[in-house]
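One structure is given below, encoded as structure tokens.
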Amino acid sequence: MFILSLLAVGCIGSLSANKQTNSSQDESVSNNFVVVDQKGGKSLGYSPTSGIKLLTVDGFLFKDLNRNQQLDKYEDWRLSAYERAEDLASRLSVEEMAGLMLYSGHQSIPAADSGFGASTYNGLPFSKSGAKASDITDDQKKFLKEDNLRHVLVTAVQSPAVAAQWNNNVQAFCESVGHGIPANNSSDPRHVAVANAEYNAGAGGKISLWPSQLGLAATFDSDVVREFARIVSHEYRALGITTALSPQIDLATEPRWSRVSGTFGEDPNLSIDMARAYCDGLQSSEDNNGGWGMYSVNAMVKHWPGGGPEEGGRDAHFGYGKYAVYPGKGLDISLRPFVEGAFNLKDGTKMAASVMPYYTISTNQNGGSGVNRGNGYNKYLITDLLRETYHFDGVVCTDWAITSDVTGVSKFEGKCWGVENLSVAQRHYEVLKAGVDQFGGNNDKEPVLEAYRMWEDEFGTHSARERFQRSAVRLLINIFRTGLFENPYIDPKQSQMEVGKTDYMKAGYEAQQKSVVMLKNKSHALPLENERLKVYVPKRFVKGAPDWFGRVPADKTESPVDLDIVKKYYTVVETPEEADFALVFIESPNGGTGYSEADVAAGGNGYVPISLQYGPYTASTARAVSLAGGDPFENFINRTYKDKSFTSYNSTDADMVRKTRQEMGDKPVVLSVTCNKPAVLAEVEPFVDAILIDFEVQTQVVLDIVSGKVEPCGLLPMQFPRDMQTVEAQYEDIPRDMIPYTDSEGHAYDFAYGMNWQGVIEDARVKRYR
């Protein structure tokens, strides 16, 4: 229960009258909202400043969201989400439906003063405005009221309490206008561990910390993934978030792809089980026997029909990576995590709520039409396959900015692949004709209204209204099912206690421990259990590598980990001579993006290899002719990079390993590699005694294993290739088709391989998936 505050004084009279008609009701107020609990009925939350009144019908209370002093179907919590959504959609204007079809650009709380995601408060940047961090920005007020937008993507938040109060401010604002449709706030994944964060048993944190999604896959334990998603749902709801733009269930069939770390790896059977567990954990609510309820978060699975088979590993955020290819005719394999996993849940919600197609042009996957466009424009993939063949009737939302303009193949701008020659409004129209419901990253209703008029001109007003209303129903169902129409408000104090609480931190830390894979343990070099041992941790040179915006940070040499954490396990010494063993921390090779402006300047086509090895690599066995190509900003089709060379930005990692081996002589050298994709380890493996692979965990977790506090049990969720020749030979759309590296101990670094203290793991997980 909340404590009654003075903010509720103005509405106590009307609430008391309601109490008299139903003595089983109880009232409470927190900050700027009122909550009314009623026996046998739904709890109702509303803002005293929004103008909302409560109606009494059949002894129960209902919110009069449109203020017409009568109970409409969409206001009746006794009806199904579908009935309510159909009723409300029929009442909406075209402008209101267009607003529902928008999904905002990235919103940080508070907004930045400048740069990406910047906004103002009463015309001033946050630092000069005197505004509270939880206040609504000028841009947010505009798109919520003028554009009727109700789906907001939240990025950074100052604190859980600030996020909760911002949510309440947004909900009160939405409640005060039109039909009182609440905001459906969302988030990209935000639970990945920070290496230098320290875990203290019994202590809470800012948010629970877990391995990357690839790390969750390395546990080979769907129960861990389900528990992760359940905890995420509780933390998200405490932040005011009711849709997760996750899980990413692309099969990582192309090992060079930059987004491998966000997947469950390359194996379809493992990904199916993990996808199902993730969606069940997010959407199933304990208060409703595993169905939709107060802890439910809509899962938006991505990226249909699978973003993994990028030619050469180049990513489709850029024009140079726009093409997915299928040399092994493996489209059906890419669909399996969706069809058999996310669309086939065990619990009461039955199916993932939403789907996001990827940016890619899935080359020649067009039903024979001969038209190659980005997946969001592909009627065959969206309507014929997703909706009609696989019976998905939830929300389909584009990836961000697919209708925006672009000015070059290497620009981080719009991603209108295959329709670059169309206007922004025409692109919206083509997306709607493909069967999509929502436009990611668009705050402006005008191009959607223009698309409506185009539909009207081609198919008539009745058809246009019916098409928009069909999408509106789907979008509203997700808001009704999560209970936002009854109570979208949250208590900031409760949020502060819920997010990152002790039990959640403990579960995340244990999952990190389970995700670490031991690849090598020569002569049982590990564990090193004596706390009096002296350890040498060499400093690491970090060469500045360009980010997506082309910014290049300065080179630096630094300690790769927080040595204060290491000192809690061993005595840290400055030189190899003093040490009993060395602990070397490196990262998997950063082999570039597959495109080089320098190559263009030198007269080349710009395309270069993406390398999974540390040292210089020349692509002598690459395709002479690319499988796909063509772009308005290029005067050629062939995107080959054959015979071109590239050296990974962190090639010095391998140099450091070899140098440390030389300096340590016969003393043990333990290698810890943080991986975001597979790596060719031939350049480092022979020089070390033990290798631990992690997929973004806290340093403390690695030290728990090195010191023997925890036994390693993770398994590789992907093959680690023998060399770059096997990488070039594999098909982008086929899983597990590389020759794995075999180390000096005779162990092949294949899918489902890992070691514990006894040796190679051969347990039920290995038997099930390998």
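The values are calculated or read from the model by the stated rules, or taken from the named source; none is laboratory data. If you're wondering where the values come from, they're calculated on a predicted model, not measured in any experiment. Every residue, glycine among them, receives a Cβ derived from its backbone with ideal geometry; neighbour counts consider all protein chains shown. Remember, those area values only see protein heavy atoms, side chains included, never the ligands or the DNA or RNA. Shrake-Rupley method; radii C 1.70, N 1.55, O 1.52, S 1.80 Å.
Under the condition of being among the hydroxyl-bearing types (Ser, Thr, Tyr) and either touching a Gly at 6+ places or on another chain (Cβ under 7 Å) or under 15 Å from Tyr358 (Cβ atoms) (or both), the residues counted in the stretch 239-283 number 5.
Residue by residue, here is whether (1) among the polar types (S, T, N, Q); (2) touching a strand residue (DSSP E or B) at 6+ places or on another chain (Cβ under 9 Å); (3) in a helix (DSSP H, G or I); (4) closer than 19 Å to Asp315 by Cβ holds:
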{"residue": "Gly408", "(1), (2), (3), (4)": "no, no, no, yes"}
{"residue": "Cys416", "(1), (2), (3), (4)": "no, yes, no, yes"}
{"residue": "Lys433", "(1), (2), (3), (4)": "no, no, yes, no"}
{"residue": "Leu449", "(1), (2), (3), (4)": "no, no, yes, no"}
{"residue": "Trp455", "(1), (2), (3), (4)": "no, no, yes, no"}
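Mind checking which residues of the stretch 49-97 are in contact with a Gly (Cβ under 6 Å, 6 or more places away or on another chain) and in contact (Cβ under 8 Å) with a residue 40 or more places away in the chain? Hit for the stretch 49-97 is Leu65, nothing else. Hey, can you tell me all the residues within the stretch 131-141 that are out of contact with any strand residue (DSSP E or B) (no Cβ under 8 Å at 6 or more places or on another chain) and over 17 Å from Gln171 (Cβ atoms)? Listed by number, the list holds a single entry, Asp139.
The single condition from (1) over 22 Å from Ala352 (Cβ atoms); (2) aliphatic (A, V, I, L, M); (3) modelled with pLDDT of 95 or more; (4) open to solvent by less than 20 Å² (accessible area, probe 1.4 Å) that Ala193 fails is (3).
Restricted to the stretch 116-133, and to residues there that are under 15 Å from Val162 (Cβ atoms) and in a loop (DSSP other than H, G, I, E, B), the residue that is most open to solvent (accessible area, probe 1.4 Å) is Lys132. The residues of the stretch 596-616 that are crowded, with 23+ Cβ neighbours inside 10 Å and outside any loop (DSSP other than H, G, I, E, B) amount to a single one, Tyr607.
Residue-wise test of (1) crowded, with 24+ Cβ neighbours inside 10 Å; (2) free of Cβ contacts under 8 Å to residues at least 12 places away in the same chain.
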site	(1), (2)
Lys350	no, yes
Val355	yes, no
Tyr359	yes, no
Ser362	yes, no
Ser369	no, yes
Asp384	no, no
Val396	yes, no
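The set of residues from the stretch 674-701 being within 23 Å of Tyr741 (Cα to Cα), in a helix (DSSP H, G or I) and open to solvent by less than 10 Å² (accessible area, probe 1.4 Å) comprises just one member, Glu685. Total residues in the stretch 307-362 satisfying the condition of being over 20 Å from the mean Cα position of the chain (by Cα) and under 30 Å from Asp287 (Cβ atoms): the figure is 7. Among the residues of the stretch 617-673, those that are surrounded by fewer than 17 Cβ atoms within 10 Å (Cβ to Cβ) and part of a helix (DSSP H, G or I) comprise Asp655, Arg658, Lys659, Gln662, Glu663. Within the stretch 545-559, if we keep just the residues that are assigned to a loop (DSSP other than H, G, I, E, B) and over 26 Å from the mean Cα position of the chain (by Cα), the residue that is nearest to Lys709 (Cα to Cα) turns out to be Ser559.
Please give the strands (runs of 3 or more DSSP E) falling wholly within the stretch 28-102 in which 3 or more residues are touching a Ser or Thr at 6+ places or on another chain (Cβ under 6 Å).
On the way: elements: 33-38, 44-46, 54-57, 60-63.
Of the strands (runs of 3 or more DSSP E) lying wholly inside the stretch 28-102, those with at least 3 residues that are touching a Ser or Thr at 6+ places or on another chain (Cβ under 6 Å) span 33-38.
Residues of the stretch 249-276 that are touching a Phe, Trp or Tyr at 6+ places or on another chain (Cβ under 8 Å) and surrounded by fewer than 24 Cβ atoms within 10 Å (Cβ to Cβ): Ser261, Asn269.
Residues are listed down the side, and each one gets a yes or a no for (1) surrounded by 24 or more Cβ atoms within 10 Å (Cβ to Cβ); (2) under 26 Å from the mean Cα position of the chain (by Cα); (3) within 26 Å of Glu83 (Cβ to Cβ):
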position	(1), (2), (3)
Asn443	no, yes, no
Pro447	no, no, no
Glu450	no, no, no
Trp455	no, no, no
Arg465	no, no, yes
Gln469	no, no, yes
Ile479	yes, yes, yes
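Screening Lys350, Lys302 for residues that are over 23 Å from Arg736 (Cα atoms) and not aromatic (Phe, Trp, Tyr) leaves exactly one candidate, Lys350. What tally of residues in the stretch 739-752 results from selecting those that are surrounded by 16 or more Cβ atoms within 10 Å (Cβ to Cβ) and either over 20 Å from Cys675 (Cβ atoms) or under 27 Å from the mean Cα position of the chain (by Cα) (or both)? The qualifying residues number 3. Provide a single number: the residues in the stretch 419-439 that are closer than 26 Å to Thr593 by Cβ and buried (at least 24 other Cβ atoms within 10 Å of the Cβ). The total comes to 1. Pro735 meets each of the listed conditions (1) out of contact with any strand residue (DSSP E or B) (no Cβ under 9 Å at 6 or more places or on another chain); (2) surrounded by fewer than 23 Cβ atoms within 10 Å (Cβ to Cβ); (3) in a loop (DSSP other than H, G, I, E, B) apart from (2).
Would you mind finding the one in Val584, Val552, Val561, Val566 that is over 30 Å from Val701 (Cβ atoms) and either open to solvent by 20 Å² or more (accessible area, probe 1.4 Å) or modelled with pLDDT of 95 or more (or both)?
On the way: Val584 fails: over 30 Å from Val701 (Cβ atoms); Val561 fails: over 30 Å from Val701 (Cβ atoms); Val566 fails: over 30 Å from Val701 (Cβ atoms).
When all the criteria are applied, what remains is Val552.
One line per residue, one yes/no per condition, for (1) at pLDDT 95 or above; (2) under 30 Å from Pro546 (Cβ atoms); (3) touching a His at 6+ places or on another chain (Cβ under 9 Å):
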residue	(1), (2), (3)
Gly370	no, no, no
Ile382	yes, no, no
Val395	yes, no, no
Ala401	yes, yes, no
Lys433	yes, no, no
Val436	yes, no, no
Val448	yes, no, yes
Ala451	yes, no, yes
Trp455	yes, no, no
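One residue stands out among those in the stretch 753-770 that are in contact (Cβ under 8 Å) with a residue 60 or more places away in the chain and in a loop (DSSP other than H, G, I, E, B): the one that is surrounded by the fewest Cβ atoms within 10 Å (Cβ to Cβ), which is Trp757.
Just one of the listed residues (Asp580, Asp562) is in contact (Cβ under 8 Å) with a residue 60 or more places away in the chain, within 29 Å of the chain's Cα centre (by Cα) and more than 30 Å from Lys411 (Cα to Cα), and it is Asp562. Under 30 Å from Asn372 (Cβ atoms), without any contact (Cβ under 8 Å) to a residue 40 or more places away in the chain and open to solvent by 10 Å² or more (accessible area, probe 1.4 Å), is that true of Asp332? Yes: the conditions hold for Asp332. Residues in the stretch 279-310 that are part of a helix (DSSP H, G or I), in contact (Cβ under 8 Å) with a residue 40 or more places away in the chain and either open to solvent by 10 Å² or more (accessible area, probe 1.4 Å) or within 20 Å of Lys677 (Cα to Cα) (or both): 1 in all. A count restricted to the stretch 220-248 and to residues that are β-branched (Val, Ile, Thr), in a helix (DSSP H, G or I) and open to solvent by less than 10 Å² (accessible area, probe 1.4 Å) stands at 3.
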